[in-house]
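Report on the following structure.
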Amino acid sequence: MSSLFRKKSITDLLAQSQQKSLARTMGAFDLTLLGIGAIVGTGIFVLTGVVAAETAGPALILSFILSGIACALAAFCYAEFASSVPISGSVYTYTYATLGELFAFLIGWDLMLEYLLATSAVATGWSAYFQSLIAGFGVELPAVITSAPGAGKGGFIDLPAVIIILLITALLSKGIKESTRVNNIMVFVKLAVIVLFIVAGVWYVKPDNWSPFVPFGFDGIVTGAATVFFAYIGFDAVATAAEEVKRPQRDVPIGIIASLTVCTVLYIIVSLILTGMVPYTELNVADPVSFALQFVGQNSLAGLISVGAIAGITTVLLVMMYAQVRISFAMSRDGLLPKRLSKVHPSFKTPFQNTWITGFVAAAIAGFVDLTTLAHLVNMGTLAAFTLISIAVIVLRKTHPNLERAFKVPFVPVFPAISALFCIYLMVSLPAITWISFFIWIGIGTVIYFVYARKNSKLGRLEK
């Protein structure tokens with residue numbers, strides 16, 4: 001039984017972080033934009049309307065604040081770990097060093113599903129916005145190639161979703177420097193578009209639209225918070241980049257906290273203006289930000305918003321897939337997944353094979369699977385990861401009190417404990433089918449651990 005909870009040495013992890021298997025090209029600014037690229041996308045351009053109409057009403061702003069608080073507490077925990085152990089793998093690596101191999105494998109397995117489904121789900125959203133944009137120019141793609149089977153639209157494959165994933169895969173396989181440059185440009189585009197919406201929309205706000213402010217009660221606010229949590233997914237992807245950062249102890253905490261702060265402020269302002277411009281009952285649409293501008297007669301600006309939405313969703317795709325590859329890379333390097341997933345390309349200095357394997361799988365899911373039922377699994381996976389990292393910070397403080405930390409979570413163990421409880425509270429608010437699906441996935445991961453990972457673990461072989 002003790003082998004299930006064997007831990008990686010912090011000393012070994014620090015030594016591993018000094019190796020240069022991956023190119024170190026990013027700074028704090030790049031990381032902040034990487035975080036914004038991951039966070040601002042589907043949440044602000046899609047989820048805001050649905051949650052306002054069905055769950056929270058104008059109190060959507062409180063749902064975002066509640067989720068933001070939960071994320072901020074978890075972000076502090078990520079920042080402390082990233083400043084102490086700057087290595088790829090994020091919460092998987094941190095769990096390996098504090099709670100043991102079995103927990104580490106299962107949370108890594110959980111994160112792989114989270115990022116894979118997030119990539120596929122976001123690609124489906126990208127496809128919808130892309131089709132809407134070209135329809136404005138009179139171009140209509142055949143229904144058979146614009147939606148997955150089972151989506152109820154008569155489609156055989158969602159071809160635009162497949163193509164954008166393969167393009168992102170090609171970009172990521174060539175190098176993080178090139179990927180970061182594209183991400184930074186697109187982040188500036190979508191931030192400009194969001195600011196444009198705020199400046200244009202504020203003049204059309206009618207305070208009467210905020211009444212009743214809490215139409216679905218406090219339960220609606222909490223359920224809304226659990227749902228819009230999807231909007232915050234991605235800042236933890238900054239931690240997966242630690243091994244490719246020039247000064248990780250300093251830059252990773254800055255990137256995590258700065259990106260989360262900027263995005264939370266944007267979400268609050270946009271949700272306030274959105275529900276002020278349009279009665280919340282009218283917002284159950286796939287493109288609420290564009291719809292709000294059309295609602296008040298600003299049709300030309302609505303077209304620009306669609307361009308910004310496509311740019312925004314593209315950056316989310318890029319960062320989600322990047323994080324997925326870095327998690328599986330770290331697990332493979334530890335022997336818990338096949339070796340080919342951690343093989344680094346001699347010229348590009350990227351996990352080349354891993355990137356393309358991930359890209360093909362994500363493209364297949366986006367092209368042929370209706371993701372409606374699976375979308376909540378992404379939230380469940382993230383909340384589980386945030387819970388574990390909150391616990392892991394408390395454990396690390398006890399087991400390694402003298403470890404050098406460039407950033408420290410304040411009020412340990414109180415803040416991490418509140419973070420864990422907050423995340424569990426939001427998990428309980430998710431539908432029962434989500435819990436059932438989550439346990440099935442964890443069950444599959446447990447079988448794989450005992451059949452393959454436990455036997456091939458590098459740490460296990462060193463102990464023999």
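The values are calculated or read from the model by the stated rules, or taken from the named source; none is laboratory data. These figures come from a predicted structure and were not determined experimentally. In this analysis, Cβ positions are derived from the backbone assuming ideal geometry, glycine residues included, and neighbour counts consider all displayed protein chains. Just so you know, the surface numbers come from the protein's heavy atoms only, side chains and all, with ligands and any DNA or RNA stripped out. Shrake-Rupley method; radii C 1.70, N 1.55, O 1.52, S 1.80 Å.
Given the structure, is F291 buried (at least 19 other Cβ atoms within 10 Å of the Cβ), among the hydrophobic types (A, V, I, L, M, F, W, C), more than 21 Å from the chain's Cα centre (by Cα) and assigned to a helix (DSSP H, G or I)?
yes
Among the residues of region 57-98 satisfying the criterion of being in a loop (DSSP other than H, G, I, E, B) and within 18 Å of T382 (Cβ to Cβ), which is modelled with the lowest pLDDT?
The selected residue is G89.
For V205, work out the one condition from (1) at pLDDT below 90; (2) open to solvent by 30 Å² or more (accessible area, probe 1.4 Å) it doesn't fulfil.
V205 satisfies all of (1) at pLDDT below 90; (2) open to solvent by 30 Å² or more (accessible area, probe 1.4 Å) except (1).
Among the residues that make up region 3-11, is at least one of them farther than 22 Å from N183 by Cα, out of contact with any helix residue (DSSP H, G or I) (no Cβ under 7 Å at 6 or more places or on another chain) and either open to solvent by less than 20 Å² (accessible area, probe 1.4 Å) or among the β-branched types (V, I, T) (or both)? Write out each step before concluding.
First, the residues of region 3-11 that are farther than 22 Å from N183 by Cα: 3-11.
Now drop any that are not out of contact with any helix residue (DSSP H, G or I) (no Cβ under 7 Å at 6 or more places or on another chain), which leaves 9, 11.
Of the ones still in play, those that are also either open to solvent by less than 20 Å² (accessible area, probe 1.4 Å) or among the β-branched types (V, I, T) (or both) are 11.
Yes, that holds for at least one residue.
Which of the residues that make up region 329-349 are at pLDDT 85 or above and closer than 24 Å to L33 by Cβ?
Result: F329, A330.
Looking only at region 325-342, count how many residues are open to solvent by less than 10 Å² (accessible area, probe 1.4 Å), outside any loop (DSSP other than H, G, I, E, B) and either touching an Asp or Glu at 6+ places or on another chain (Cβ under 6 Å) or more than 18 Å from G255 (Cβ to Cβ) (or both).
6
Scan (1) more than 19 Å from I327 (Cβ to Cβ); (2) open to solvent by less than 10 Å² (accessible area, probe 1.4 Å); (3) not in a helix (DSSP H, G or I) for the single condition T48 breaks and write down its number.
Exception for T48: condition (3).
Within region 174-212, how many residues are under 22 Å from the mean Cα position of the chain (by Cα) and either closer than 23 Å to V265 by Cβ or without any contact (Cβ under 8 Å) to a residue 24 or more places away in the chain (or both)?
Of the residues in that region, 14 qualify.
Restricting to region 243-252, give me the number of residues that are open to solvent by less than 10 Å² (accessible area, probe 1.4 Å) and in contact with an Asp or Glu (Cβ under 9 Å, 6 or more places away or on another chain).
Summing the residues that are open to solvent by less than 10 Å² (accessible area, probe 1.4 Å) and in contact with an Asp or Glu (Cβ under 9 Å, 6 or more places away or on another chain) in region 243-252 gives 2.
Has region 139-152 got any residue that is crowded, with 16+ Cβ neighbours inside 10 Å and assigned to a helix (DSSP H, G or I)?
Within region 139-152 (the criterion being crowded, with 16+ Cβ neighbours inside 10 Å and assigned to a helix (DSSP H, G or I)), the answer is no, since none of the residues qualifies.
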